[in-house]
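I am attaching a structure below and will ask some questions about it afterwards.
All of the numbers you see were taken from the coordinates with simple rules; none came from a lab. These numbers come from a predicted model, not from an experiment. FYI the Cβ positions are ideal-geometry reconstructions off the backbone, even for glycines, and counts take in every protein chain you see.
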Amino acid sequence: MSVLEQIDRILLIAAVVLVLIAGLLLLGRIWRGPSMLDRAISLDVIAALTIAGLGAKSAIALDSFYFPIMLVLAFLGFTGSVGIARFIAVRDRPTITPPTQPPAPAAGSGETKEGPR
């Protein structure tokens, strides 16, 4: 095994370890919350980490078998994020209050419907 292959193997193992640590931290974020948006973003990032993990496994095994699976996971992650974003946008839409009538001018104030005198 050459030096470059050893460096490549060490970097790939480090990448897998970092993906696993990030996954554990994201599981903590999903558990604690505090809002639904935090949980939704964490699930989206976990989908991206799964894709990264499969990419690292493909690189370690020198196998391209997982590429179509990664593509499908990316599509599912994207559509899930869009669906959650639309749900949150509809749920958090501000209520529209009808405009109120301006107060009528006081008698003798010098103003008419056409404006000030």
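So what is the orientation-averaged projected area of the range 1-100, using the convex hull of its C-alpha atoms, in nm²?
It is 9.0 nm².
Contact order normalised by length for the range 3-71, with contacts defined as Cα pairs under 8 Å and 6 or more residues apart; what percent is it?
On the way: 36 pairs, mean separation 21.2, N = 69.
So the answer I get is 31 percent.
Considering only the other residues whose Cβ falls under 14 Å of the Cβ of residue 31, what net charge follows from Lys and Arg at +1 and Asp and Glu at -1? All intermediate terms of the calculation are to be shown ahead of the outcome.
Values: positive: 29, 32, 39; negative: 38.
That works out to +2.
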